[in-house]
Structures are given as C-alpha cells and as structure tokens.
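Below you'll find the structure, written out as structure tokens, and then a few comments.
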Amino acid sequence: MAKKQTKGWDYSPALESTSHVELKKRYDLYINGEWVKPASKKYFKTINPATEEVLAEVAHANDEDVDRAVKAARKAYTDVWSKTSPSERAKYIYRIARLMQERSREFAVIESLDAGKVIRESRDIDVPLACNHFFYNAGWADKLEYAFPNRTIAPLGVAGQIIPWNFPLLMAAWKIAPALATGNCIVLKPAETTPLTALKLAEIIHDSGLPPGVVNIVTGYGDTGAAIVNHEDVDKIAFTGSTGVGKIIQNAIAGTSKKATLELGGKSANIIMDDAPLDQAVEGIVNGIFFNQGHVCCAGSRLFIQEGVYDKVIEKLKHRMNSLIVGNPLDKNTDIGAINSKEQLDIINGYLKIGQAEGAEMYQSPCDLPETGFYCRPTLFMNVAQSSRLVQEEIFGPVLAIQTFRTVDEVIQKANNTPFGLAAGVWTDKGSRIFNLTTKLRAGVVWANTFNKFDPASPFGGYKESGFGREGGLHGLEGYLKMN
C-alpha cells in the first residue's frame, strides 16, 4: 500500500484518500506481457512534487531492454495481432476502457501524486478523457474500410511512442488507442518524472487479456527514448514533448522509412475583443493559462486585450487570480497544484526574472505557498513587448504575458508572430469576427468563446515549430496506416 502523504499538510475532509491506492516499491519493465527486470540493473526514483517524497523506484531501460521490447512487439504483430480481426481488436480496446473506468479513482489519485496535478482535474478531466479515447477508437477498429473508402489500408507494424509528463495517462491513451485500433503493436516510454499511471495502465492491459507483446511499456530517461527512435525495426514514431527534442527526433529519422507524428511546443494566443462577454472571457483566461499549472502545450500563455476593455479585463483578472488556491493537489478545493519537478520550477523562476529584467510589470496573486514541494504563484506580466522572451518562448508554467491591440489586423499579425502555431482562442460576440480571425490565425486549433476543450473525435496538432501530423479523430488513425 502507498503511504499516506502527510508531510507539511493539514488533512481535512476535503482531501482525497490515498488508502485505496496500491503502489509497488519497485516497478520493472512491461515486455511481452510480463514484468521483467532491466538488463541495465538500474532504477530511478519518481517523487511526489507536492511533498518531495519518493513514491517508487522505476526501472531504467537501456538499448538491450528496448531491443527486447521491439522484438516482442514485432513478433506479436507478425504472429498474432496482424491476424486478429478488427472486431476482436475492438473488443480488447473496449475492455481496456471499461477496466480503466472501474479503477478510475485509483488512476486519478496516482496521477495527482506523481504529477502534482489537482485531483479535480485528474478525476474529472484526465481519466474520463483517457477512457473516452479508448472507447472512441474501439468504435473505429472495424470500420476503417468505411472511413477511408476506395483506398487500400494496412497497419504500419511497430509504433514507438514517447509521451510527456504533463498529461501522463491521457497521452498514453491518446497514442495507444489509435495504434491498437489500426492493428499496430506498441513500445511506449512515459516521461521519467511521471511513469506511474502508464505502469498502472500496463496492469490494466495485462488484465484485459491483450495478447503478450502487443503493448510494451519501458521506462527511463532520454537515452531510452533515443533507443526507441533509433531502432531499425520501429516503423512509426509518435512523440509529444518539447520542440527541441522534436527536432532531434526529426533529424534522427531523416533518410529512414519511419513515419512520424510530432506534437511539440506552443505559445498560444488568447484574444479578447471589445465586445466579448468579459466575465466569461476572464474565466477562459484563467482556464487557459492556469489549468494544470500551465503545463499545457496549447496553454493560452499570450493574452491580447483590445484597448477599449483593457482596464476592465485586468481588474477582473486580478480579482479572479486572488481567489485561486495554490496547494495540496489532493485537496478538492485546490485550484493550482505543484509544479511537476524542481527542474521545471527553476525554469519558470528563471523566466520570472527575465520578464522583470526586460521591464515588464509583474503581478502575482498574494497567496501562501506550502513550505515543502515545488510551487509557483499564478503570475501575469503587463506591458510586454512583442520581442520579449516571455512572448516568443514557451515557459510551460502559470505565467501569462499580456499585450494590447487596436485593430483585428494588428492582433492577427502579433498572434502569428512567434515560432509556434498550436492553438488560439477568440472571445467576441460577433460570429463574423470569429470566422475572420479563425481563417487567418496560423494555429492548428482555434477555440471561440472557450478554451482548452478536447474531444477524442477532434484532430489536434499544429503548424511551424509546434510539429506536424494530427492526433485524435480520423486524422489520428490515418497516422498509423499505410494507404494506397
């Protein structure tokens, strides 16, 4: 049983219990349907970022371990999975979703313990959406010939999947479900700071009766991911993470026959027009940048406010920020949990210093922070220049850069003037303005009068340095198929 995390916290009825959560002291690798010890004989610690306490030790896979996993996936594909009917594949995927639902509370608590995210978000967003990705893709497994008529389709074979630390379970589902539905086998590596829900998912997959080797989960650091990318028998790389690592992967597979989907960084614009419903827009701003501590690739980290309503929006936004509670992620009243790691907190604090050095006006909500753990107050910067690093670089934390604009043409030019193009938000009462802006913003996803809304049926991906390819919907399935 996991030990109850109590260090520095006053437990109250609002706290989610950890008593029903079972965590092992040590996790091995999940290869060919079995838990196997790493050839490296090395393990690393995964910690609770809210308390800095060790949750478990996790195997560090080396090249030999990755080779075992890829060979297991190839054998499973050749001998079993490629011969399994689409309707049977659908049953396995559906069974995984149902088992996840049955253990949803356990998944939510583990996600909050390992990632530092607020329990309300883990319980009400991450876990249900992860289940829905399996349900959605299960429905497509035996209908692919109708989805892509007049085309010959076939699985790619073995997919190497590398997922980030901001949405560990959701990203695992995001990638595993469509790969299974299209008939591929998988080697997945979760992020080293948040491996526990992926390993718990391996237990679910095992219990579902999925044939051995169809899904393999190997844990480790960047060298483990590099071994997957460079393995000659991997047919597809699906990566979600930083733009820097995405460029390394793209260079590594150049000249090979590997297909790739890269979902990378973002610096998304959230645009408030002077006719916008301001109270609703302020809630959208808060959700856009402070959801999941700002650890969101499509976070609305750049706020553009039309000059006529600037003072009103800033006043309302500061008032709303002052009501946000930063603290214990397992407390149901908490709005902002722990930063995922000390390394990430150091990066965020570095940008706070950069913003002040550049002359921007900083405001932080006057909330108390826990003495132990990695925490950051929700922060906004006003009077930020277009050339500022706060505008041009991804911070991946609860930090908002604010600019003003007068005309639609001006805000379009500013919004598009970054290396990224993942998402954007538009707040206005006029439908014509929405259509005008959405057709001119260079972003893969544009929300109108809302932000951070996701659905398994909707494709997600970006332009420019935000990557290429789409995940979710039919577009996400297409990325795992050969087509003629």
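Quick notes on this structure:
- Scope the stretch 141-165; condition buried (at least 24 other Cβ atoms within 10 Å of the Cβ) and out of contact with any strand residue (DSSP E or B) (no Cβ under 8 Å at 6 or more places or on another chain); matching residues: ALA141
- Sub-9 Å Cβ pairs linking a first residue in the stretch 274-300 that is at pLDDT 95 or above to a second residue that is of a type in the set (Asp, Glu) and part of a loop (DSSP other than H, G, I, E, B), at least 6 apart or interchain, are ASP275/ASP429; ALA276/ASP429; PRO277/ASP429; VAL286/ASP335; PHE290/ASP335; CYS297/GLU394; ALA299/GLU394, ordered by first then second residue.
- Residues of the stretch 86-93 include none that is over 25 Å from ALA159 (Cα atoms) and within 22 Å of the chain's Cα centre (by Cα).
- Listed by first and then second residue, the pairs with beta-carbon distance under 6 Å, at least 6 apart or on different chains, first residue in the stretch 190-205 and closer than 19 Å to PHE239 by Cα, second small (Gly, Ala, Ser), are PRO190/ALA198; THR193/SER341; THR194/ALA115; ALA198/ALA172; LEU201/ALA172.
- Conditions (1) open to solvent by 10 Å² or more (accessible area, probe 1.4 Å); (2) touching a residue at least 24 places away in the same chain (Cβ under 8 Å); (3) part of a helix (DSSP H, G or I): number failed by ASN251: (2)
- All positions within the stretch 449-458 that are farther than 14 Å from ALA299 by Cα and surrounded by fewer than 17 Cβ atoms within 10 Å (Cβ to Cβ): ASN449, ASP455, ALA457, SER458
- Test set (1) closer than 28 Å to GLN250 by Cβ; (2) aliphatic (A, V, I, L, M); (3) assigned to a strand (DSSP E or B) - VAL391 fails condition number: (3)
- Members of the stretch 108-122 found to be among the aliphatic types (A, V, I, L, M) and either open to solvent by 10 Å² or more (accessible area, probe 1.4 Å) or under 13 Å from GLU52 (Cα atoms) (or both), listed by number: LEU113, ALA115
- Considering (1) open to solvent by 10 Å² or more (accessible area, probe 1.4 Å); (2) at pLDDT 95 or above, the lone condition that ALA401 does not fulfil carries the number (1).
- If you go through the stretch 410-434 and keep only what is in a helix (DSSP H, G or I) and either in contact (Cβ under 8 Å) with a residue 12 or more places away in the chain or within 22 Å of GLY444 (Cβ to Cβ) (or both), you end up with VAL411, ILE412, GLN413, LYS414, ALA415, ASN416, GLY431, ARG433, ILE434.
The values are calculated or read from the model by the stated rules, or taken from the named source; none is laboratory data. As the structure is a computational prediction, the values presented were derived from the model and not from experiment. Neighbour counts run over all protein chains shown; Cβ positions are idealised from the backbone, glycine included. Ligands, DNA and RNA are excluded from the accessible area calculation, which covers all protein heavy atoms including side chains. Shrake-Rupley method; radii C 1.70, N 1.55, O 1.52, S 1.80 Å.
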